[in-house]
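Comments concern the structure below.
The values are calculated or read from the model by the stated rules, or taken from the named source; none is laboratory data. In this text, all values refer to a predicted model and were calculated from it rather than measured experimentally. Note that we place each Cβ from the backbone using ideal geometry, even for glycine, and neighbour counts take in every protein chain shown. The area values use the complete protein model at the heavy-atom level, side chains included, leaving out ligands, DNA and RNA. Shrake-Rupley method; radii C 1.70, N 1.55, O 1.52, S 1.80 Å.
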Amino acid sequence: MKAAIVVFPGSNRENDAADALERASGKRPALVWHKDTELPSKLDLILLPGGFSYGDYLRCGAMAARSPIMREVIARADKGTAVVGVCNGFQILCEAGLLPGVLLSNAGLKFICRDVHLKVANSQTMFTNRYSNGEVIRFPVAHHDGNYFADADTLKRIEDGDQVAFRYCTPEGETVAAGNPNGSIANIAGVFNATKTVMGLMPHPENATDPATAGPLGGSLDGKPMFDAIVDALAK
Amino acid sequence: MKTKTKRKSWRKPNDLMGLAPAEYDLACDIMGREPTYTELGIFSVMWSEHCSYKSSKKWLKTLPTKARWVICGPGENAGVIDIGDGDACIFKIESHNHPSYIEPYQGAATGVGGILRDVFTMGARPIANLNALRFGDPSHPKTRRLVAGVVAGIGGYGNCVGVPTVGGETNFHASYNGNCLVNAMTVGVARKDKIFYSAAAGAGNPVVYVGAKTGRDGIHGATMASAEFDDNSEEKRPTVQVGDPFVEKLLIEACLELMATDAIVAIQDMGAAGLTSSSVEMAGKGGLGIDLDLDNVPARETGMTSYEMMLSESQERMLIILKPDRIKVAEKIFAKYELDCATIGHLTKTGRLVVRKNGKVDADMPIAPMVQASPEYSRPWKPTKKRKPVDAAKLPKHDPARVLQELMGCPDLASRRWIWEQYDHLVRGHTLQRPGGDAAIVGLPGRRKALAMCVDSTPRYVHADPETGGAQAVVETWRNLTAVGAKPLAITDNMNFGNPQRPEIMGQFVGAIKGMRKACKALSYPVVSGNVSLYNETNGQAILPTPTIGGVGILKDASKSANLALKDAGDTIVLVGATKGWLGSSLYLREMEGREEGAPPPVDLKAEKRNGDFVRGLIVKGQVNSCHDLADGGLLVGLAEMALAGRKGAELSPPRTDNAYLFGEDQARYVVTTKNAKRLLAAAKKAKVPAMAIGTVSGHLELTLHDGVRISVDGLRKAHEGWLPAYMSQKN
């Protein structure tokens with residue numbers, strides 16, 4: 001598998017993502033600076049990492065979405081190359097129009113960093129096929145603007161098209177307000193594009209892949225199946 | 001001192017920019033004439049308490065700063081220690097108290113930015129931030145706004161730069177009503193042979209300015225931070241800097257990229273007193289002069305004077321001495337990150353600072369006399385009167401269940417989750433022990449080892465007995481590092497005190513230093529960096545003396561650590577260390593009796609070392625299942641914290657169940673749990689460490705005492721987790 005991580009000014013989880021991909025594939029992905037106008041050839045996966053691109057000074061992700069490299073990312077996505085956006089990367093994909101909806105400020109208007117529980121909503125994709133539908137997993141979140149929103153028509157299209165990847169839930173798996181950390185509509189934590197080749201999510205699967213950080217007081221390893229699935233699907 | 005230079009009449013004391021009249025005379029002597037307006041500004045900030053340490057220097061010099069593993073002690077931007085494998089750990093703590101009180105968000109944010117720069121200036125990749133915060137009484141009308149603003153500021157900056165904020169402490173006390181404390185610490189890692197220092201070298205070498213543009217913010221910030229507050233302090237808001245964490249993030253990456261080349265001769269961040277202190281310190285350390293042409297300084301606004309440019313504390317700026325043939329290398333890197341990179345002068349052999357603007361010389365002053373002749377005061381000090389111990393037998397008795405419930409939910413012990421969940425404590429992916437434990441543990445990529453870090457101080461002890469309290473602050477960090485299995489290596493200290501011109505305040509400072517010195521020596525735990533913040537007073541009301549200690553330790557094998565969570569039902573609970581039941585200056589006395597009195601618990605450094613070394617040995621050998629040091633609130637509070645973290649209960653049968661035994665704050669104690677109590681107790685006996693089994697871990701969410709007391713863990717959790725969110729959601 002050949003993967004590249006796009007680094008924007010202000011990205012800060014590019015190495016976390018590279019570590020997770022390396023753990024799963026044994027290969028360190030290339031880091032591509034946003035001003036480059038070309039991506040490496042024959043890429044299987046493009047990942048947009050978490051962080052504060054351009055300081056989040058305009059709408060989160062809005063400036064990065066207009067960065068030179070994004071034209072290329074959009075072109076590759078249109079040709080079917082797998083694209084994953086995590087946290088700020090998810091915001092960028094929404095701003096770039098590769099994913100539906102938009103991320104607003106958290107309902108509590110505060111930055112939130114903690115583990116959250118997620119219910120797998122669609123396990124029939126190259127990103128999620130190591131999970132089962134309805135499975136409850138645990139990833140950390142670390143964001144100020146993770147409140148997913150889509151208008152009624154878009155939401156219907158997303159739901160009808162099985163485009164929801166994960167929903168926030170309680171530890172028991174109930175997708176109710178108590179399990180929703182940021183006010184996201186329909187508890188949506190991550191979505192796919194219509195063809196399920198692009199995925200964006202606010203929580204950080206890459207920070208749930210290292211045995212050294214997992215434990216009763218620490219994180220989980222629930223992100224590992226996602227990276228394993230991606231590597232598996234793209235290895236051929 | 002005698003005045004050789006005649007002073008003009010127009011400069012009244014109010015025109016001296018915070019200099020004492022005698023200091024102004026000295027400045028005139030050094031110049032051989034009266035300083036210009038710009039020169040006076042430079043003298044004023046260089047000789048401010050904040051930059052010159054004029055009241056504290058004499059005592060700071062007495063602190064132990066050396067050990068086999070110390071690479072660089074105090075005097076540079078940060079301290080450097082050897083952590084093996086060719087790696088070095090670089091760390092420092094710094095206060096941003098005064099600005100945070102005036103403008104909490106920006107004050108705290110720029111505090112984080114400043115300490116980050118101190119660390120990456122030396123070539124380190126910052127890997128963790130910590131902070132120690134002190135606020136006034138929760139019922140004071142300003143407290144809630146300050147907590148909200150400071151926490152948001154720390155998060156806003158630290159989260160954006162991508163450095164995890166992994167630990168800290170927060171306390172409330174009425175003495176901080178008019179002066180909150182914001183102490184920020186950064187820990188970084190570099191290769192031992194790639195450390196950058198600030199001493200300039202090579203006359204003729206270019207002086208290069210990089211980073212953000214200079215504006216009119218923070219002018220005279222260092223002077224403001226060297227004075228008391230009064231009712232009009234908010235008028236000082238223009239002296240507070242404004243931070244831009246996005247530029248800081250770019251600056252970190254650009255500087256580290258430049259540092260990987262061979263272009264840099266010396267580098268220093270522009271912190272307090274901005275361009276003035278960075279240029280004067282760099283040239284001064286190198287025994288050189290420096291010529292600055294301010295017309296080349298990237299400016300945010302037009303028409304800035306030399307005075308404003310030299311004193312601006314605009315953030316996210318660095319000064320670099322480059323090798324002359326490497327300017328292009330630097331320009332290319334900074335262009336990549338869209339940051340300014342401008343040659344604004346060069347080094348000279350004159351030993352003078354010459355500042356030019358619009359072709360005119362606005363300042364021309366000798367550097368060495370200004371630095372070396374900077375005032376150093378031997379301020380009169382009065383020892384703090386010793387207090388008598390509190391006789392616990394004479395205190396009213398309370399139901400331990402009610403006491404525990406109250407203590408776990410009191411402002412000083414309630415959970416800080418509301419705070420640390422606003423900090424990204426996971427970015428970089430190497431946070432091995434998250435906030436909420438005794439110390440944070442941060443892993444190093446590609447290494448077996450990990451660093452442990454914490455910040456601590458118990459100001460009520462220092463107030464009661466500065467020497468004991470100073471020693472206790474050091475010891476508590478040592479104990480917290482030990483409790484996670486780390487070998488404590490060195491500390492950084494942040495001395496927050498009132499007005500040093502008052503002998504009783506100076507007495508607190510001197511006492512605290514003496515105690516710290518003893519503790520550092522006994523534990524081979526030197527001071528490698530630090531910061532002093534004096535004049536934390538408003539209308540003559542001083543803060544509790546607060547020497548905040550930041551400790552760093554190492555775990556040779558990251559997988560051999562401990563945490564405080566109770567693990568398996570049936571494990572034996574062992575109390576390590578001697579318990580007499582010391583209630584003087586305890587949280588119990590304050591919360592239950594409303595009394596802040598009595599001598600604080602004595603610190604026995606030999607017992608600390610012996611007990612701590614024993615406990616660390618158990619952790620490294622994998623013989624304990626959990627470990628927690630005992631501090632505020634004593635034994636029962638410690639056990640409650642372990643039960644909450646592990647979602648377990650405990651059946652307890654301690655030898656005594658009186659309030660003093662259960663809530664006394666005797667030092668040098670730990671609680672550990674083990675599957676093999678017999679082996680552990682035998683080893684303790686052999687090591688001459690007091691230890692006894694006091695109960696077992698249970699699966700029922702209840703703490704029970706053998707005399708019938710039963711305490712619900714869920715009830716404790718409600719009190720513990722509930723207080724801060726409830727408090728912060730109220731409206732004033």
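Brief remarks on what is shown
- Of the accessible area of segment A:3-234, computed with a 1.4 Å probe over protein heavy atoms only, carbon and sulfur atoms account for 51 percent.
- Among B:551-557, B:66-72, B:331-337, the order from most to least packed when residues are scored by Cβ within 10 Å on average: B:551-557, B:331-337, B:66-72
- A:E159-A:R71 FRET efficiency (beta carbon distance; Förster radius 30 Å; 0.05 resolution): 0.50
- Using 0.36 nm per residue and subtracting the Cα-Cα separation, the extra length available between B:S378 and B:R300 on full extension is 23.9 nm.
- For residues of B:150-159, the mean tally of beta carbons on other chains within 10 Å: 2
- Spin-label model distance (nm) - B:N676 vs B:R710, 7 Å beyond Cα toward Cβ: 3.6 nm
- Cα gyration tensor shape for segment A:3-234, rounded if a/c is under 1.5, else prolate or oblate: rounded
- Summary of packing: across the peptides B:302-312, B:211-221, B:109-119, the per-residue average of other C-beta atoms within 10 Å ranks them, highest first, as B:109-119, B:211-221, B:302-312.
- Backbone N under 13 Å from the A:D228 label point (7 Å along Cα→Cβ), restricted to segment A:93-130: A:128-130
- Share, in percent, of DSSP beta bridges within chain B that are antiparallel, nearest 5: 80 percent
- For the protein assembly as shown, diffusion coefficient by Stokes-Einstein and Kirkwood Rh (Cα), 20 °C, 1.002 mPa s, µm²/s: 74 µm²/s
- Anisotropy class of segment B:194-271 from Cα gyration tensor, a/c 1.5 cut: prolate
- Global form of segment A:2-64, assessed from the alpha-carbon gyration tensor, a/c cut-off 1.5: oblate
- Counting DSSP beta bridges with both ends in the protein assembly as shown, the antiparallel % (nearest 5): 75 percent
- Just so you know, the Rg over Rh for chain B is 0.99, from Cα atoms, with Rh as the Kirkwood radius.
- Put simply, when A:52-59, B:158-165 are sorted by average Cβ atoms within 10 angstrom per residue, most first, you get B:158-165, A:52-59.
- Per residue of B:427-439, other chain Cβ atoms within 10 Å of the residue Cβ number 6 on average.
- A Förster radius of 56 Å, combined with the Cβ-Cβ distance separating B:V242 from B:K397, puts the computed FRET efficiency at roughly 0.55.
- Length added when fully stretched, B:S559-B:A335, from 0.36 nm per residue minus Cα-Cα: 76.4 nm
- Label point distance in nm, A:K27-B:D613, each placed 7 Å from Cα along Cα→Cβ: 5.3 nm
- Using a Förster distance of 25 Å, the FRET efficiency for B:Y37-B:K323 (Cβ separation, nearest 0.05): 0.10
- For segment A:3-234: accessible area per residue (Å², 1.4 Å): 36 Å²
- DSSP-defined beta bridges in segment A:3-234 - what % are antiparallel, rounded to 5: 60 percent
- Surface accessible to a 1.4 Å probe, per residue, for the residues of chain B, Å²: 34 Å²
- Model label sites at A:E38 and B:A693, defined 7 Å from Cα along the beta-carbon direction, differ in position by 7.3 nm.
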